[in-house]
1. Pick from region 113-159 the residues that are surrounded by 15 or more Cβ atoms within 10 Å (Cβ to Cβ) and among the basic types (Lys, Arg): which of them is farthest from residue 231 (Cα to Cα)?
2. Within 15 Å of ligand 1 (Cβ to nearest atom) and in a helix (DSSP H, G or I) - does that describe any residue in region 141-163?
3. Condition first: of a type in the set (A, V, I, L, M, F, W, C) and over 23 Å from residue 102 (Cβ atoms). Can you find one or more residues in region 229-245 that meet it?
4. Specify which of the listed residues (96, 90) is touching a residue at least 24 places away in the same chain (Cβ under 8 Å) and in contact with a strand residue (DSSP E or B) (Cβ under 9 Å, 6 or more places away or on another chain).
5. Here are the criteria: (1) of a type outside the set (D, E, K, R); (2) away from ligand 2 (no atom under 16 Å from the Cβ); (3) surrounded by 18 or more Cβ atoms within 10 Å (Cβ to Cβ). Tell me which single one residue 72 does not satisfy.
6. Which residue out of 125, 115, 136 is free of Cβ contacts under 8 Å to residues at least 40 places away in the same chain, over 18 Å from the mean Cα position of the chain (by Cα) and under 25 Å from residue 251 (Cα atoms)?
Amino acid sequence: MSTSPHPVLPASGVLPASGPRVAYATCLGIEDVEMFPVLAAFARAGVHAEAAVWNDPDVDWGDFDLVLIRSVWDYILQRDEFLGWARRTAALTRVANPVPVLERNTDKTYLRDLAEAGVPIVPTAWVAPGEELTGADWPELVVKPTVSSGARDTLRTTDREEALAHVAALTAAGRTAMVQPYLPMVEDEGETSLLYLGGEFSHAVRRGPMLGGGFRDVVRDPADDQLALAERILAAVPERAELFYARVDLVRLPDGSPVLIELELTEPRLFLDLRPDGPEALAAATVRLLAGDGNTRPQPDVSRA
Ligand SMILES: Nc1ncnc2c1ncn2[C@@H]1O[C@H](COP(=O)(O)OP(=O)(O)O)[C@@H](O)[C@H]1O
Ligand SMILES: [Mg+2]
């Protein structure tokens with residue numbers, strides 16, 4: 001790590017004047033603990049990287065060789081605006097992950113498509129606006145909207161009436177609701193997130209539960225069945241070869257089998273703090289990507305030296 005008092009700046013206190021230019025796309029009003037360490041790692045790798053707010057009208061996105069989608073977490077309140085911005089930006093420069101991935105991945109109905117492609121997911125009843133919940137006879141329920149992050153608007157309850165009321169509130173607002181059994185294993189084994197950088201497995205994390213008392217997120221070795229399932233899930237993504245970063249979130253059903261709870265291809269926290277050289281690994285993968293040696297579509301002449 002830099003010994004500079006301000007971690008954004010490299011030791012020299014000057015951002016690299018030449019070399020590729022990367023925009024780290026973020027949003028206002030949030031705390032992204034990964035941003036400063038990543039910007040510092042980029043600077044040390046000779047990359048001029050700047051944080052830029054995705055809906056800031058004054059940013060000239062075409063001025064960058066790459067727009068790295070990162071902590072754009074407020075998109076869930078304005079998904080259409082976000083995707084419109086991503087499309088316009090992709091006409092100017094390279095965006096990672098690519099826009100078709102963002103379009104698909106920002107609505108959890110992608111889980112239904114993956115299930116149809118044979119991926120095991122958490123059992124889910126889908127309720128679109130105008131529909132009613134049927135089935136879902138589980139003793140404890142989780143109700144969540146298909147466009148969400150950070151467990152926003154997510155309810156855990158043993159009271160079916162309360163679950164039905166939450167489904168009704170979501171669908172009345174034009175949102176699609178997902179109803180799942182509550183999986184208590186999130187409180188002991190915990191959810192496992194497998195992180196991929198530059199298209200390759202990087203590390204895995206044991207995640208604390210978000211709908212009840214928890215424990216801290218810590219690094220963990222994934223079990224063989226989890227790693228195998230994560231690879232299978234990524235292979236089912238049509239744009240697999242173009243995924244720059246990915247997070248595969250797995251839980252287990254009561255019978256012990258691993259299933260997908262969420263595939264984060266848009267704005268996952270990458271838990272780079274839980275891998276010793278995490279920010280450096282992301283910077284190195286970005287340099288490879290920009291050199292045309294990454295896993296996504298190569299582009300000529302990114303050097304501005
Ligand atoms: N069916 C479930 N059983 C147990 N916990 C759940 C369930 N669904 C969600 N959660 C908890 O809520 C968190 C957020 O849900 P998730 O589906 O990952 O959506 P998002 O992260 O996009 O808000 C999960 O990380 C988990 O802790
Ligand atoms: Mg999640």
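1. Here the residue is 156.
2. Start the filter on region 141-163 by keeping residues that are within 15 Å of ligand 1 (Cβ to nearest atom), which leaves 141-158, 163.
Narrowing further to those that are in a helix (DSSP H, G or I): 163.
Yes, that holds for at least one residue.
3. The first filter runs over region 229-245 and keeps only residues of a type in the set (A, V, I, L, M, F, W, C), leaving 229-230, 233-237, 241, 243-244.
Right, trim to over 23 Å from residue 102 (Cβ atoms) and you get 229.
Yes, that holds for at least one residue.
4. 96
5. In the conditions (1) of a type outside the set (D, E, K, R); (2) away from ligand 2 (no atom under 16 Å from the Cβ); (3) surrounded by 18 or more Cβ atoms within 10 Å (Cβ to Cβ), residue 72 misses (2) alone.
6. Details: 125 fails: free of Cβ contacts under 8 Å to residues at least 40 places away in the same chain; 136 fails: free of Cβ contacts under 8 Å to residues at least 40 places away in the same chain.
Just one listed residue meets the conditions, 115.
Residues checked against (1) modelled with pLDDT under 95; (2) among the hydrophobic types (A, V, I, L, M, F, W, C):
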| residue | (1), (2) |
| --- | --- |
| 5 | yes, no |
| 10 | yes, no |
| 14 | yes, yes |
| 41 | no, yes |
| 83 | no, yes |
| 93 | no, no |
| 106 | no, no |
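Results for (1) more than 10 Å from ligand 1 (Cβ to nearest atom); (2) among the aliphatic types (A, V, I, L, M); (3) over 17 Å from the mean Cα position of the chain (by Cα), shown as yes or no for each residue.
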site	(1), (2), (3)
187	no, no, yes
202	yes, no, no
207	no, no, no
216	yes, no, yes
223	yes, yes, yes
226	yes, no, yes
230	yes, yes, no
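The values are calculated or read from the model by the stated rules, or taken from the named source; none is laboratory data. All figures in this text were calculated on a predicted structure; none of them were measured in a lab. Heads up, the Cβs are rebuilt from the backbone with ideal geometry, glycines too, and the neighbour counts pull from every protein chain shown.
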